[in-house]
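Single-structure report; data block below.
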Amino acid sequence: MRNAALWLDKKLGLNQHTIAHYAWVIVAIAGVVQMVGAAIRMAFGVLVDPLVETFGWSPGSIGLAYALMSIVTALSSPIAGYLGNRFGARNTMLAGTILFFIGMMWTSQTQAIWELYISYGLIFGISQAMLLVPVVPAVAAWFRRHLGLGTGIMMVSWSLGPALVVQILAVLFDTVGWSQAFMLVGTIGTAILLFILLFFRNTPEEAGRQAYGIKAADKPLITSGNIFISTQQEFQGYVYKTNAFWNLINIHFLGCVGHAVILVGIIPLGISKGLGPLTAAGVLTTLSVVSVTTRFVTPVLADKFNAKTVMFFSFLGQGLGVLLLLTADSTLDFYIFAILWAIPYGGEGTAFPVVNRQYYGHSPMGATYGWQLLGAGLGMALGGLLPGLVFDITGVYTWAIILSAVFSLAGAVAILLLENTKRQLIPDWPEIETNKAESSHASGD
Amino acid sequence: MKFRTQSQQTIDSPALDGFKIADRPFLGFGLLMTSVIGTLAILIYFGAWASADRITDRAIEAGITKSSVEAEWWEKGLLLTCPLH
């Protein structure tokens, strides 16, 4: 293990760090936060039937709670990102954990549909944003270099985690009922979050450690104090003035519409083409599993090569690959599609932290990333709506497939219009000068 | 110029000194707005299509003409907004 670590260090050009770096603890915590935070979102489908049986509410009115939660999460993402920058990711996630607990407990005791809208739609929606948005910029702060590696590993855990938790929830719903399941997951989830947040540090500087990938000539970055707050506002003002800031929100929106159509529509589409429900579900599972590879590889490639090019090919592949569904009418066709399409799909959204680093250097990216997740969240909501809407009108999914392709390809065109990712768009974030002698000399400047 | 932090450390001169972005982000913002408008257009088109279908279905069910059907407010709105329906 040690030899492997030393080999990797040498390969990455690092002087002193091994794989046993605290940055990986932060990445692991980020994975668990995502697993807990996103679990109930992913398991919503399991919740619908028990609520229909218990209260007699229509699936449509229950589904509105999910739509509300998605929109609330999207709209509160920029605020959560700002709070992460201003008060630290740890404090923001702590507030998100408290909201998570309230949302889960209230949902478990809900007796009226309006309560579900507030507890699940509003409170859980805000909680999700506060848990999921600040954690990515915080991970980025732990990687002075090789952010692609850290992001890639985090993204893998993010896709595997919810898949695992959904299975656990489904078993719990069956054995103890939906209300008890929510109470159990709420209590255990909150306890896990509170425990792991004990080990979470917003920045290496705060933890008295060095960031991953730091070299001898690097100095620590400024991460606290009044200067941090004012400099951050000044930097963020310049970020808003770049074309890339607005275009990246647009690109994330377009990409998410493109794949949400498929993620929501692939099972009904498969069934409409004669696949059994289990086989159709297997197509979705296959593409989820295959996409894990590119979730890891894409940020690494984006970090090493030109991120713009890597993103372009992801979007292009996602847009063109979906057209395979136009002629798919057998199980084999669907599985070939799942394998081929999952490769670009996995890389669609995972390079954003790396692109932010390449454009904006080491400046805190909470607000910027929060805005990008606003675009992503609205894209996912719209993409989830389109297949059903289009099928209701036309009786086939052809238009939904074409729309998915159009949105992804529009994203690819928008990427071509981005600035070159090899050129930083604003100056780099200032470093702290730690040398006391130099410090006293400098104070006379 | 260097700044003194609260912990008596100094930071390098902020690189923003003298840095300016003169141009407004017309391209990026324009692309975002294009997507928003395009998306709304798609939603209006399919929404109007769905509205027209619903009105036709109700007309057939009631055995009356489409113009005699009392449309919902959102159906009317979508049909009014969409130039293709």
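The values are calculated or read from the model by the stated rules, or taken from the named source; none is laboratory data. Predicted, not measured: the structure shown is a model, and the values here were computed from it. Here the Cβ is made from the backbone with ideal geometry for all residues, glycine too, and neighbour counts use every protein chain on show.
Taking the options A:T298, A:T309, A:T279, A:T293, name whichever one is under 19 Å from the mean Cα position of the chain (by Cα), surrounded by fewer than 16 Cβ atoms within 10 Å (Cβ to Cβ) and in a helix (DSSP H, G or I). Break it down into steps so the answer makes sense when it comes.
On the way: A:T298 fails: surrounded by fewer than 16 Cβ atoms within 10 Å (Cβ to Cβ); A:T309 fails: under 19 Å from the mean Cα position of the chain (by Cα); A:T279 fails: under 19 Å from the mean Cα position of the chain (by Cα).
Answer to the check: A:T293.
Where helices (runs of 4 or more DSSP H) sit wholly within segment A:166-272, those with at least 2 residues that are surrounded by 16 or more Cβ atoms within 10 Å (Cβ to Cβ) and within 14 Å of chain B (Cβ to nearest Cβ) occupy A:225-240, A:243-272. Here A:T151 fulfils each of the conditions (1) part of a loop (DSSP other than H, G, I, E, B); (2) polar (S, T, N, Q); (3) more than 14 Å from chain B (Cβ to nearest Cβ); (4) in contact with a strand residue (DSSP E or B) (Cβ under 9 Å, 6 or more places away or on another chain) apart from (1). Checking each residue in segment A:33-50 for being at pLDDT 75 or above, buried (at least 20 other Cβ atoms within 10 Å of the Cβ) and either more than 20 Å from the chain's Cα centre (by Cα) or of a type in the set (A, V, I, L, M) (or both) picks out A:V33, A:M35, A:V36, A:L47. Summed over segment B:25-42, residues that are more than 8 Å from chain A (Cβ to nearest Cβ), of a type outside the set (V, I, T) and within 10 Å of the chain's Cα centre (by Cα) total 3.
The residue list A:T242, A:T279, A:T286 contains one member that is farther than 25 Å from A:I71 by Cα, among the polar types (S, T, N, Q) and touching a Leu at 6+ places or on another chain (Cβ under 9 Å), which is A:T242. Looking only at segment A:169-196, residues that are among the polar types (S, T, N, Q) and farther than 14 Å from A:M104 by Cα come to 1 in all. The sole residue among A:L263, A:L221, A:L198 that is at pLDDT 90 or above and not aromatic (F, W, Y) is A:L198. Scanning segment A:384-430 for residues that are surrounded by fewer than 17 Cβ atoms within 10 Å (Cβ to Cβ) and among the acidic types (D, E) yields a count of 2. Filtering A:G383, A:G411 for residues that are within 11 Å of chain B (Cβ to nearest Cβ) and at pLDDT below 95 leaves a single hit, A:G383. Taking the conditions exactly as written (within 30 Å of A:F235 (Cβ to Cβ), in contact (Cβ under 8 Å) with a residue 24 or more places away in the chain and assigned to a helix (DSSP H, G or I)), does A:G121 satisfy them or not? Against the criterion (within 30 Å of A:F235 (Cβ to Cβ), in contact (Cβ under 8 Å) with a residue 24 or more places away in the chain and assigned to a helix (DSSP H, G or I)), A:G121 does not qualify.
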